[in-house]
Amino acid sequence: MSTTAPHRDRTDHADPTGRRSSLPVIVSAWAVPVLVIAQFAMVSVVPVLVVLIGVLRDPHLRTLRWWASALTAAYALPLALWAIGPERAPSLSKDMHPALAALVVAAGVAVAVAYHVLRRQSRPSGDDRTA
C-alpha cells in the first residue's frame, strides 16, 4: 500500500485557455493604485517592478508590454523628481503632485483592466460561465 501524495499537475491554477495564470502580475497591477492612493507611494516600487518584470518574462502577456512600460514611466517620473529635487519631502507621497499621483493610479488601473480584457478575449468561444 502506497502512502504517497497524489501527483499535482502544475497547471492547477491555469486559466481556461490552458495558460499559466499570472497572479503576481495582476495583483501587483491592482496594488499600485491602492498603495499610491493610501499614501504609500514609495512602497509601490515593488509592485511596479513585479508588473514590469512579469510582463517582460511571460510571452503570453506580450500585448501588455506597452501598458507595463507606461506604468513604469508614470511611476519613475515622480520618483525621479523626488530624488533629484532640491527640497525633498520626507516621503514620496508627500512630494508627489496630485496630477502625477492620478497618472500613476490611472496607469495601474489601465494595466489591470487591459489584463482582464486580454484574458477575456483569449478564452475559447465555447466557454460560457453564465450557465
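The values are calculated or read from the model by the stated rules, or taken from the named source; none is laboratory data. A quick note: this is a predicted structure, and the numbers were derived from the prediction, not measured. When we count neighbours, we look across all protein chains shown, and the Cβ atoms used for this are built from the backbone with ideal geometry, even at glycine.
Yes or no, residue by residue, for (1) aliphatic (A, V, I, L, M); (2) crowded, with 17+ Cβ neighbours inside 10 Å; (3) in contact (Cβ under 8 Å) with a residue 60 or more places away in the chain:
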{"residue": "ARG65", "(1), (2), (3)": "no, no, no"}
{"residue": "ALA76", "(1), (2), (3)": "yes, no, no"}
{"residue": "ALA80", "(1), (2), (3)": "yes, no, no"}
{"residue": "ALA83", "(1), (2), (3)": "yes, no, no"}
{"residue": "ARG88", "(1), (2), (3)": "no, no, no"}
{"residue": "LEU92", "(1), (2), (3)": "yes, yes, no"}
{"residue": "ASP95", "(1), (2), (3)": "no, yes, no"}
{"residue": "VAL104", "(1), (2), (3)": "yes, yes, yes"}
{"residue": "VAL113", "(1), (2), (3)": "yes, no, no"}
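Which condition number in (1) at pLDDT 60 or above; (2) surrounded by fewer than 13 Cβ atoms within 10 Å (Cβ to Cβ); (3) touching a helix residue (DSSP H, G or I) at 6+ places or on another chain (Cβ under 9 Å) is the one that VAL55 fails?
(2)
Are any residues in the stretch 55-96 closer than 19 Å to ARG120 by Cα and part of a helix (DSSP H, G or I), and if so, which ones?
Listed by number, the residues that qualify are VAL55, PRO59, HIS60, LEU61, ARG62, THR63, LEU64, ARG65, TRP66, TRP67, ALA68.
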